[in-house]
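Enquirer: Sharing a structure below in structure tokens format, with a few things to ask.
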Amino acid sequence: MKKMAFLLVTIVLATLTIESIVVAAEEDEQLQEEIIYNIVVDRYNNGDYSLDKQVRVDDPTAYQGGDLQGIIAKLDTFDELGSTTLTLSPIMENAPDGYHGYWIEDLFELEEQFGTMEDLNTLVEEAHKRDMKIVLEFVINYVSASHPLVTDPEKSDWFSESNDLTADWADGIVVLNQDNEEVEDYLIEAAAYWMEETNIDGFKLHAADQASESFLENFTTHIKGLDPDFYLLGDILDKDADTEHLKENTAIQAIDNNMLFESMNDVFSEAGNPVSDLYEAWEDNDQYGGLLYVDDKYTKRFTQAFAENGRNALTTWSLALTYMYTTPGVPSIFQGSEIPMYGADAEEAQRIVQFNSGDSDLKEFHNRISSLRANFPVLSYGDFEIVGSSGAMSVFKRTYEDETMYIAINNDEESQAVSVTGIDSGMQLRGYLGDNIVRENDRGEFKIGLAREKAEVFVIEPDTGLNWLFIGFVAGVFLLFIIVIFMLSRKQKKQSV
């Protein structure tokens with residue numbers, strides 16, 4: 001009987017383990033379809049001027065007026081860009097001038113400078129109507145030095161004496177001792193509160209690389225136990241940190257891919273740098289994609305970086321976005337990139353978004369490339385390989401189930417071509433970005449040629465040859481036009497006689 005009971009328990013545990021693995025795999029797959037737009041709430045859009053008690057627009061270290069109503073007002077804009085998930089900087093109650101959200105004085109209250117819980121729930125509801133998710137940045141490592149807990153003598157073991165952070169906001173915080181079980185319970189309780197009081201879709205854990213590994217494992221496991229569908233993303237503060245353990249030992253689904261961040265900046269900031277360097281960085285990366293970004297609130301703007309080398313905004317962003325939206329990983333765009341905004345450092349990068357200076361062509365490209373990603377699952381889930389390079393141009397191949405697509409990116413200062421083999425005869429490559437057609441040559445190759453600083457995404461389809469019906473129609477219209485002109489000319493001559 002004991003053996004039977006033991007066997008039954010073993011079967012049940014095995015079944016639960018298999019189910020949890022399946023659920024985790026499904027959630028990771030769903031995340032691969034997202035296009036993330038990152039928002040610093042105070043620096044996005046002012047939608048309610050009655051909240052501007054701490055706003056000093058001439059002081060870059062103070063609030064600038066962005067709020068939740070300002071984000072609600074722009075939801076259709078995100079939809080047009082193809083964004084599917086919005087991440088918001090911390091919105092919990094902060095000490096004065098804590099616009100960034102890291103000087104938390106109460107983890108259970110919303111910062112009044114940003115609005116009310118009703119505003120937050122309206123934002124989530126309206127986003128969901130547009131099939132968009134809302135993810136909150138959740139601070140797990142620090143509270144404000146002015147937090148009531150800091151001066152509580154019974155909580156002295158809640159805090160660590162070490163604080164070697166160099167960020168601009170680091171002087172205003174104290175570090176939590178996450179190895180203290182009471183601290184762990186406190187943070188889990190706060191996270192559960194926001195999940196219960198709102199219908200948000202996930203957390204991005206701020207500075208996950210700075211957290212205690214055992215705490216992070218317990219915290220993320222608990223959150224997933226509350227809601228298996230809840231997204232857990234990881235923000236990385238130290239770009240040189242070893243983050244391999246985060247994906248292996250916690251329920252975090254994706255973290256900032258710092259290696260590809262550096263590679264994409266190196267390659268696309270200047271014409272002539274080989275796109276093949278990106279593939280080498282991808283092969284050496286242990287995150288298999290992760291969150292793909294080219295700038296954030298801490299860095300020089302990507303637009304600033306390539307503009308300093310004389311590159312055009314539409315051209316360069318088109319190359320970078322094509323890579324980000326077609327390579328393994330989750331595209332993660334910082335606010336204002338679609339305009340595009342400039343900024344030489346973190347202070348300039350965090351200026352409130354300048355909506356009146358938008359580039360309509362760049363916004364249209366965001367929409368087009370995001371539509372491609374949404375309509376072709378192979379761009380989210382497919383195997384990834386490089387099939388050839390010439391100069392600074394490379395062609396990549398993605399395959400998923402019975403679907404194959406080719407991505408060609410020419411970062412060269414002159415035209416380049418790459419020949420592709422292995423495609424069945426009678427087929428052709430049709431491009432979706434520039435309407436390019438590539439047909440098989442007499443050597444059985446498909447030679448993909450691109451002008452300088454251009455990108456194209458190709459699908460394989462049957463080669464129907466020239467559309468003679470359409471050509472005949474156009475020729476007929478042209479001939480009819482000539483005949484009409486000729487008849488009118490003769491009639492005019494007769495009348496003049």
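Nothing in this text is a laboratory measurement; each read-out follows from the coordinates by a stated rule. Computed from a predicted model, the values in this text were never measured in an experiment. Methodologically, a virtual Cβ is constructed for each residue, glycine included, from the backbone with ideal geometry; neighbour enumeration extends over all protein chains shown.
Enquirer: For Asp235, state whether it is in contact with a His (Cβ under 7 Å, 6 or more places away or on another chain) and farther than 26 Å from Ser389 by Cα.
Expert: Details: in contact with a His (Cβ under 7 Å, 6 or more places away or on another chain): yes; farther than 26 Å from Ser389 by Cα: yes.
In short, yes.
Enquirer: Here is a follow-up. Name the single residue, out of those in the stretch 114-170 being of a type outside the set (Val, Ile, Thr), under 23 Å from Ser332 (Cα atoms) and in a strand (DSSP E or B), that is nearest to the chain's Cα centre (by Cα).
Expert: Per the criteria, the residue is Lys133.
Enquirer: Write out, first by first residue and then by second, each pair whose Cβ atoms fall under 7 Å of each other, whose residues are 6+ apart or on separate chains, and whose first residue, in the stretch 69-95, is farther than 9 Å from Tyr37 by Cβ while the second is among the hydroxyl-bearing types (Ser, Thr, Tyr) and assigned to a helix (DSSP H, G or I).
Expert: Ile72/Thr122; Gly82/Ser370; Gly82/Ser371
Enquirer: Kindly provide the set of residues from the stretch 143-162 that are among the charged types (D, E, K, R) and either in contact (Cβ under 8 Å) with a residue 60 or more places away in the chain or over 20 Å from Ala95 (Cα atoms) (or both), ordered by number.
Expert: First, the residues of the stretch 143-162 that are among the charged types (D, E, K, R): 152, 154-155, 157, 161.
Of everything in the stretch 143-162, those that are among the charged types (D, E, K, R) and either in contact (Cβ under 8 Å) with a residue 60 or more places away in the chain or over 20 Å from Ala95 (Cα atoms) (or both) turn out to be Glu154, Asp157, Glu161.
Enquirer: Which is touching a residue at least 40 places away in the same chain (Cβ under 8 Å) and either over 24 Å from Thr87 (Cβ atoms) or surrounded by fewer than 21 Cβ atoms within 10 Å (Cβ to Cβ) (or both), of Asn258, Asn249, Asn273?
Expert: On the way: Asn258 fails: touching a residue at least 40 places away in the same chain (Cβ under 8 Å); Asn249 fails: touching a residue at least 40 places away in the same chain (Cβ under 8 Å).
Answer to the check: Asn273.
Enquirer: Within the stretch 295-320, can you find the residues that are among the aliphatic types (A, V, I, L, M) and either over 15 Å from Asn411 (Cβ atoms) or out of contact with any strand residue (DSSP E or B) (no Cβ under 8 Å at 6 or more places or on another chain) (or both)? Outline the logic, then answer.
Expert: First pass over the stretch 295-320, keeping only residues among the aliphatic types (A, V, I, L, M): 305, 307, 313-314, 319-320.
Ala305, Ala307, Ala313, Leu314, Ala320 - these are the residues of the stretch 295-320 that are among the aliphatic types (A, V, I, L, M) and either over 15 Å from Asn411 (Cβ atoms) or out of contact with any strand residue (DSSP E or B) (no Cβ under 8 Å at 6 or more places or on another chain) (or both).
Enquirer: Could you grab the pairs with beta carbons closer than 6 Å, sequence gap of 6+ or different chains, first residue in the stretch 298-318 and more than 13 Å from Leu362 (Cβ to Cβ), second one surrounded by fewer than 18 Cβ atoms within 10 Å (Cβ to Cβ)?
Expert: Tyr298/Ala346; Lys300/Ala344; Gln304/Ala344
Enquirer: Condition check: closer than 26 Å to Glu280 by Cα and either among the hydroxyl-bearing types (Ser, Thr, Tyr) or without any contact (Cβ under 8 Å) to a residue 12 or more places away in the chain (or both). Does Ser332 satisfy that? Please lay out each step first, then the result.
Expert: Values: closer than 26 Å to Glu280 by Cα: yes; either among the hydroxyl-bearing types (Ser, Thr, Tyr) or without any contact (Cβ under 8 Å) to a residue 12 or more places away in the chain (or both): yes.
Answer is yes for this residue.
Enquirer: Select from the stretch 187-209 the residues that are buried (at least 17 other Cβ atoms within 10 Å of the Cβ) and of a type outside the set (A, V, I, L, M) and list them in ascending order.
Expert: Trp194, Thr198, Asp201, Gly202, Phe203, Lys204, His206, Asp209
Enquirer: Mind checking which residues of the stretch 96-142 are without any contact (Cβ under 8 Å) to a residue 40 or more places away in the chain and either surrounded by 21 or more Cβ atoms within 10 Å (Cβ to Cβ) or closer than 18 Å to Asp201 by Cβ (or both)?
Expert: Of everything in the stretch 96-142, those that are without any contact (Cβ under 8 Å) to a residue 40 or more places away in the chain and either surrounded by 21 or more Cβ atoms within 10 Å (Cβ to Cβ) or closer than 18 Å to Asp201 by Cβ (or both) turn out to be Leu110, Glu111, Lys129.
Enquirer: Can you tell me how many residues in the stretch 134-162 are among the polar types (S, T, N, Q) and within 20 Å of Pro96 (Cβ to Cβ)?
Expert: Kept after step one, since they are among the polar types (S, T, N, Q), are these residues of the stretch 134-162: 141, 144, 146, 151, 156, 160, 162.
Keeping just the survivors that are within 20 Å of Pro96 (Cβ to Cβ) gives 144, 146, 151.
Selection size over the stretch 134-162: 3.
Enquirer: Return the residues of the stretch 335-386 that are outside any loop (DSSP other than H, G, I, E, B) and of a type in the set (D, E, K, R); say none if nothing qualifies.
Expert: Narrowing the stretch 335-386 to residues outside any loop (DSSP other than H, G, I, E, B): 346-349, 355-357, 360-375, 378-381, 383-386.
Those that are outside any loop (DSSP other than H, G, I, E, B) and of a type in the set (D, E, K, R): Glu347, Glu348, Asp361, Lys363, Glu364, Arg368, Arg373, Asp383, Glu385.
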